[in-house]
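The values are calculated or read from the model by the stated rules, or taken from the named source; none is laboratory data. What you are looking at is a predicted structure, and each value in this text was computed from that prediction instead of being measured. Every residue, glycine among them, receives a Cβ derived from its backbone with ideal geometry; neighbour counts consider all protein chains shown. Note: areas computed on protein heavy atoms with side chains; ligands, DNA, RNA excluded. Shrake-Rupley method; radii C 1.70, N 1.55, O 1.52, S 1.80 Å.
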Amino acid sequence: MSSNAKSLTKEVQNISFIEKIKPHAELIAASLSGVLIVSGWLFDKYGNGADSIVAYLLAFVIGGFAKAKEGIEATYENKELNVEMLMIFAAVGSAIIGYWTEGAVLIFIFAVSGALETYTMNKSHKEISSLMELQPEEALLISNGYEKKVPVSELLVGDQILIKPGERVPSDGMIIKGQTNIDEAAITGESMPVSKGEQEEVFAGTVNMTGSITVQVTKASDDTLFQKIIQLVQSAQSEKSPSQLFIERFEGTYVKVVLLVVIAMIFLPYFLLGWSWHESFYRAMILLVVASPCALVASIMPATLSAISNGARHGILVKGGVHLENLSHLEAIAFDKTGTLTKGKPEVTEVIVKDGLEKENLIWKAASIESHSNHPLAQAIVKYAKQTVSKELFHPDSLEDVTGWGVKAEMNGDQWKIGKAAFVGKENVDKFADGKAKDLASLGNTLVFIEINGELSAMIAMKDVVREETKVAIDHLKKQGIQTVMLTGDSEKTARAIATESHVDEFFAECLPEEKVDQLKQLKDKYKTVAMVGDGINDAPALAIANVGIAMGEGTDVALETADIVLMKNDLPKISEAIRLSQRMNKIIKQNVIFSITVIMLLIASNFFQMLDLPYGVIGHEGSTILVILNSLRLLK
């Protein structure tokens, strides 16, 4: 190897080493500062005063550099004094009156608390980094029968890609060939693999486990669900909660007041209480240390970031601390019906066939006719047939679509009609199966009738069925004292049936998008803090006006962008989980604030009555900051 190559390799290794230690730089600086403090104390104890001062000075510089830089830059940018500046003044003041050890310990503990706060931030950023690493950089593109590796960023909508077993899916798409099991834990948090076949969606970042599949790309690389998750988490970290904003506004005024009181403390006790100059200055420096609101400032942000990271890890994406904070104040939640409380697609719930006809054979023939239609009801019949009949569907001899009514077909000389009640005769429908149609309709079913050679032969009931987890989710919310409301554009009859089945407290039927907004406004007047849960474009206005908008992860892009919180797995019970996380976060923030204010008041009082020495003031104040941050880190679990 040439000397140039060796030099380049060494340079790359050095850069790699620097990148590895960079996230831990503050902790390393704090540790080194601690070692220098011990060295300074030993030098002082064994009679080498000059060396001890050098060690303490190095401890000041190394331990305090990061926070001092942060404080000076923030003061310059905002034209406002901050906590970091108070710490610099306190440490310098301690050194001026000869308390080198105490000043250095102050810097050391302040550096440790800063390192812990940075750890919380890094932990939160790590959630994003680990997500980013899950998306492949290359994909196997199929072009003109050949395979070639291309960067994922170059994939276009409509491209076909091959994904082999064990590989990660590089882009959102639809399977057009093959069948496999997909591990979707990265997207949904669900550990069990999902079986997927042709015409089913796959998402970037998920893992193809068993079979080779050919996928047609449906979204550009920067528009995938995976990228939306990353963007949501990133935006959440930059948005501050009302509590955090209040503390930040309070901090500037508080620092000014503390500095004025410290100046007064230097002079007033000397003239009014007969203290010595040394005692007055000493007590003023202790006040400067103990009155600094470090713990108070650190009470909120670490807790908020920890809670957001926790939620992201469990499929609850929160766009900012303000929304997470609001969740614990919810008094009512409004739900869209279709795709939220229900699956969003009709399913066959019952098939009634005239006596003498074979049910399986009739369904097979009806599905063969309906397979030529894209109507959701027709597709539900086809899906049901594929699940219950083992024979392949076939093409009828002739087919005619009667718009608004149904379809006519001819098969082996038989004349078929499939459609609504009026298409086959209302009187025949009322008499069929002892009037069962009326009962099924009252339960929210949509009915399709089959007539063969002019005789009503079968009735298929279909319904947009309530999700299995809906009842559990609604019951959990009720236990938390939250009113549940359903808003739907469906008829009164269907809405009533779904409301009863899903256990919601009340419902409003036949709502247009603007009427959903009006209902939300009325709910806000009545309950103050209200959330809206939806998945469609028509839900976006209501999601925007609610105090907290919650979108289903499989919903439309508009709903995802408008909402404040996204449930990645369409898992409604996660709402209750998110509320509990919000309550935990607010409880821990409250604990932190009360604890930090109590400690500050006790230390200030002890100092005024000359009961507190500087070393104990430093330990009490900075120790409380560390405890507050450690308390916040509990939210990561």
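Only residues that are at pLDDT below 85, closer than 11 Å to V472 by Cβ and not acidic (D, E) were counted in the range 562-576, giving 0.
Of the residues making up the range 193-225, those that are more than 22 Å from Y146 (Cβ to Cβ), hydrophobic (A, V, I, L, M, F, W, C) and either in a loop (DSSP other than H, G, I, E, B) or at pLDDT 80 or above (or both) are V202, F203, A204, V207, M209, A220.
Counting only residues that are under 24 Å from A111 (Cα atoms), open to solvent by 20 Å² or more (accessible area, probe 1.4 Å) and not in a helix (DSSP H, G or I), the range 581-630 holds 1 of them. The conditions are (1) open to solvent by 30 Å² or more (accessible area, probe 1.4 Å); (2) modelled with pLDDT under 85; (3) of a type in the set (A, V, I, L, M); (4) part of a loop (DSSP other than H, G, I, E, B), and L156 fails exactly one of them. Which is it? (2) is the only condition that L156 fails.
Look at (1) open to solvent by less than 70 Å² (accessible area, probe 1.4 Å); (2) over 22 Å from the mean Cα position of the chain (by Cα); (3) not acidic (D, E) and you find that M532 fails only one, number (2).
Take K426 and decide whether it is open to solvent by 50 Å² or more (accessible area, probe 1.4 Å), under 26 Å from E492 (Cβ atoms), without any contact (Cβ under 8 Å) to a residue 40 or more places away in the chain and out of contact with any Ser or Thr (no Cβ under 7 Å at 6 or more places or on another chain). Spelling it out, K426 is indeed open to solvent by 50 Å² or more (accessible area, probe 1.4 Å), under 26 Å from E492 (Cβ atoms), without any contact (Cβ under 8 Å) to a residue 40 or more places away in the chain and out of contact with any Ser or Thr (no Cβ under 7 Å at 6 or more places or on another chain).
Condition check: open to solvent by 80 Å² or more (accessible area, probe 1.4 Å) and either farther than 30 Å from G311 by Cβ or modelled with pLDDT of 85 or more (or both). Does E167 satisfy that? Spelling it out, it is not the case that E167 is open to solvent by 80 Å² or more (accessible area, probe 1.4 Å) and either farther than 30 Å from G311 by Cβ or modelled with pLDDT of 85 or more (or both). Among the residues of the range 476-515, just one is open to solvent by less than 60 Å² (accessible area, probe 1.4 Å), closer than 20 Å to N547 by Cα, without any contact (Cβ under 8 Å) to a residue 40 or more places away in the chain and in a helix (DSSP H, G or I), namely P513. Screening Q234 on (1) modelled with pLDDT under 85; (2) open to solvent by 10 Å² or more (accessible area, probe 1.4 Å); (3) among the polar types (S, T, N, Q); (4) more than 19 Å from E325 (Cα to Cα) shows it passes everything except condition (4).
Confirm whether N586 is of a type in the set (S, T, N, Q), modelled with pLDDT under 85 and farther than 30 Å from I88 by Cβ. Spell out the reasoning first.
Details: of a type in the set (S, T, N, Q): yes; modelled with pLDDT under 85: no; farther than 30 Å from I88 by Cβ: yes.
No, not satisfied.
For the range 441-472, filtered to residues that are open to solvent by less than 10 Å² (accessible area, probe 1.4 Å) and out of contact with any Lys or Arg (no Cβ under 8 Å at 6 or more places or on another chain), the residue that is farthest from L362 (Cα to Cα) is T470. Looking at M568, is it over 17 Å from V322 (Cβ atoms) and either surrounded by fewer than 20 Cβ atoms within 10 Å (Cβ to Cβ) or of a type in the set (D, E, K, R) (or both)? For M568, the condition - over 17 Å from V322 (Cβ atoms) and either surrounded by fewer than 20 Cβ atoms within 10 Å (Cβ to Cβ) or of a type in the set (D, E, K, R) (or both) - is not met.
Residue by residue, here is whether (1) closer than 25 Å to L296 by Cα; (2) of a type in the set (A, V, I, L, M); (3) at pLDDT 75 or above; (4) not in a helix (DSSP H, G or I) holds:
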{"site": "L8", "(1), (2), (3), (4)": "no, yes, no, no"}
{"site": "I18", "(1), (2), (3), (4)": "no, yes, no, no"}
{"site": "G47", "(1), (2), (3), (4)": "no, no, no, yes"}
{"site": "A59", "(1), (2), (3), (4)": "no, yes, yes, no"}
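Looking only at residues of the range 272-309 that are touching a Lys or Arg at 6+ places or on another chain (Cβ under 8 Å) and open to solvent by 10 Å² or more (accessible area, probe 1.4 Å), we find that the one that is farthest from L630 (Cα to Cα) is W275.
Out of A366, A380, A385, A409, report the one residue that is closer than 30 Å to E469 by Cα, touching a residue at least 40 places away in the same chain (Cβ under 8 Å) and surrounded by 15 or more Cβ atoms within 10 Å (Cβ to Cβ). Can you show your working first?
Values: A366 fails: closer than 30 Å to E469 by Cα; A385 fails: touching a residue at least 40 places away in the same chain (Cβ under 8 Å); A409 fails: closer than 30 Å to E469 by Cα.
On inspection, the qualifying residue turns out to be A380.
Taking the conditions exactly as written (in a helix (DSSP H, G or I) and open to solvent by 10 Å² or more (accessible area, probe 1.4 Å)), does L543 satisfy them or not? Walk me through how you get there before you give the answer.
Numbers: in a helix (DSSP H, G or I): yes; open to solvent by 10 Å² or more (accessible area, probe 1.4 Å): no.
Here the answer is no, as L543 does not meet what is asked.
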